[in-house]
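The values are calculated or read from the model by the stated rules, or taken from the named source; none is laboratory data. Since we're looking at a predicted model, the values are computed, not measured. Cβ sites come from the backbone with ideal geometry, for glycine too, and all protein chains shown count toward neighbours. These accessible areas exclude ligands, DNA and RNA; they are computed on the full protein's heavy atoms, side chains included. Shrake-Rupley method; radii C 1.70, N 1.55, O 1.52, S 1.80 Å.
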Amino acid sequence: MMFSLFSILIVISMNFASVYSIGDTVSIEDQNEPFIVHYGDYPSDTLRFSDHYGKIIIFGLSASWWPTVCTTSLEALLDDYSHDPRIFIFENLDDPGQPYTYEQWGDMAQEGIPIIVDDPGNVIGSYTLYDWFSINNYYMEMVVLDHNMVFRKLTTSTYSVDAEIQELLSEPDWITGDI
């Protein structure tokens, strides 16, 4: 009986822990995970982290029931860095249609930003990127991956993300050009 209860507690605690911690490198398998682009300007129907290896990747963890005003932080970064080829920004939107669709969300936020919905197979409670990166277990966060796919930051602060970008761009081992 005691062993069963202990096993159940371990399984439950693992379900609330993120896959990646700050400083972890995203696995090759996860870098190649395809996410369907449902809205915005993107050259393909699917987005993979591996398509942006060598770039700083910034994305928001949002849900359609969260107020769209919370996307202003990501919008500010997009305004500042959208023309920098070393940086890629997109939005992850969970629970589309509750109440906003991805089109409505995108039209209320920064038009053109690629929006993915990472609900694999529409399984309620299964959110790939949220499960991978949400350490704080809430939405309205921004994730920063460096050019080597290392998880560098999870924050709600635009200033914090901007400082991280500036630090990454000033590092001597910055990779330029195609990989």
For His147, the accessible surface traced by a 1.4 Å probe with all protein chains present amounts, in square angstrom to the nearest 10, to 0 Å²
Please work out the FRET efficiency for the pair Asp131 and Gln98, using the Cβ-Cβ distance as r and a Förster radius of 22 Å; give the result to the nearest 0.05. 0.75
Furthest towards positive pole of dipole, Leu61, Ile36, Ile22, structure part region 19-99, Cβ charges: Ile22
Potential extension, Asp41-Glu167 segment - 0.36 nm per residue separation minus Cα distance: 42.6 nm
Inter-probe distance in nm under a simple model that places probes 7 Å from Cα toward Cβ, at Asp107 and Asp79: 2.2 nm
